[in-house]
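The values are calculated or read from the model by the stated rules, or taken from the named source; none is laboratory data. Quick caveat, the model's predicted, so the values are computed rather than measured. Ideal geometry is used to build each Cβ from the backbone, glycine not excepted, and the neighbour counts take in all protein chains shown.
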C-alpha cells in the first residue's frame, strides 16, 4: 500500500474518507467523521479499561457496543486499545491477554478459538514514503485476517495486509510481514516458517 500512494496525488474525493479508508484507498484520518468515530472508540475503550475485575458483564457489554462483532465465550483482558473498534470482528471462544493494540482502520477479522498473547499489535494502517503525502496527512490501510485456532505469542506484531491460516502458531516477538499458511509454526523478524504442525 505504501507504493500505491507514492508518486501519485490522491484522486479527487468522491467517496467519504470513511468509505475510502474501508475500500483501501488513500484517506485522511483528520476527517471530521473519522475523528468522531475515533473519539467514540476511545471513550468506550477507556470505560472498558477502567472496569473492575469483578465487572465482567459490564466489560462484555462495552465490547458488544465497541466492536463490529464479539463472539460468545470470548474474553479480552484490559488494557485494550483500538482506532475505531467497529472494524474489529472477533469470533467465538477467543482469549486475548493484556495489552492488545488493534489499529483497525481496515477490517481485522479474528476467527474462532484464537489465543492472543500479551502486548500483541494488529496494525492495518500504512503511510506513504513520499514525504509530501505524509506531511499532508494521507494514509491508507489493508485488512488483517486471523484464522480459527491461531495462537499469536506475546509481543508479536502483525502488519497490514497479512492473513494467517487456521491452526498456525506465531512465536513470541515475531513480526509478521507477509501472509502465513495454515498449520505452521512461524518465528522471527521477519517471520519465517520453521515447521509444519499438520
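Observations on the structure shown:
- When 21, 1 are checked against the criterion of being touching a strand residue (DSSP E or B) at 6+ places or on another chain (Cβ under 8 Å), farther than 26 Å from residue 64 by Cα and modelled with pLDDT under 95, a single residue qualifies: 1.
- Candidates 46, 36, 65: the one that is more than 18 Å from the chain's Cα centre (by Cα), at pLDDT 95 or above and either part of a helix (DSSP H, G or I) or surrounded by fewer than 16 Cβ atoms within 10 Å (Cβ to Cβ) (or both) is 36.
- All of (1) more than 17 Å from residue 176 (Cβ to Cβ); (2) in contact (Cβ under 8 Å) with a residue 60 or more places away in the chain; (3) buried (at least 17 other Cβ atoms within 10 Å of the Cβ); (4) in contact with a helix residue (DSSP H, G or I) (Cβ under 6 Å, 6 or more places away or on another chain) hold for residue 84 with one exception: (2).
- Scanning segment 121-151 for residues that are buried (at least 22 other Cβ atoms within 10 Å of the Cβ), assigned to a loop (DSSP other than H, G, I, E, B) and under 10 Å from the mean Cα position of the chain (by Cα) gives a single hit, 124.
- Residue count for segment 74-103 satisfying the condition of being in a strand (DSSP E or B) and more than 8 Å from the chain's Cα centre (by Cα): 9.
- Residue 106 part of a loop (DSSP other than H, G, I, E, B), over 23 Å from residue 60 (Cβ atoms), at pLDDT 95 or above and more than 17 Å from the chain's Cα centre (by Cα): no
- Looking across 154, 173, one residue alone is in contact (Cβ under 8 Å) with a residue 40 or more places away in the chain and closer than 22 Å to residue 195 by Cα. It is 154.
- Meets criteria (surrounded by 19 or more Cβ atoms within 10 Å (Cβ to Cβ), in a loop (DSSP other than H, G, I, E, B) and at pLDDT below 95) for residue 160: no
- Filter result for residue 186 (in contact (Cβ under 8 Å) with a residue 12 or more places away in the chain, buried (at least 20 other Cβ atoms within 10 Å of the Cβ) and either touching a strand residue (DSSP E or B) at 6+ places or on another chain (Cβ under 9 Å) or not in a strand (DSSP E or B) (or both)): yes
Rundown of residues vs (1) within 16 Å of residue 146 (Cα to Cα); (2) touching a residue at least 24 places away in the same chain (Cβ under 8 Å), yes/no style:
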residue: 42; (1), (2): no, no
residue: 51; (1), (2): no, yes
residue: 56; (1), (2): no, no
residue: 66; (1), (2): no, yes
residue: 71; (1), (2): yes, yes
residue: 111; (1), (2): yes, yes
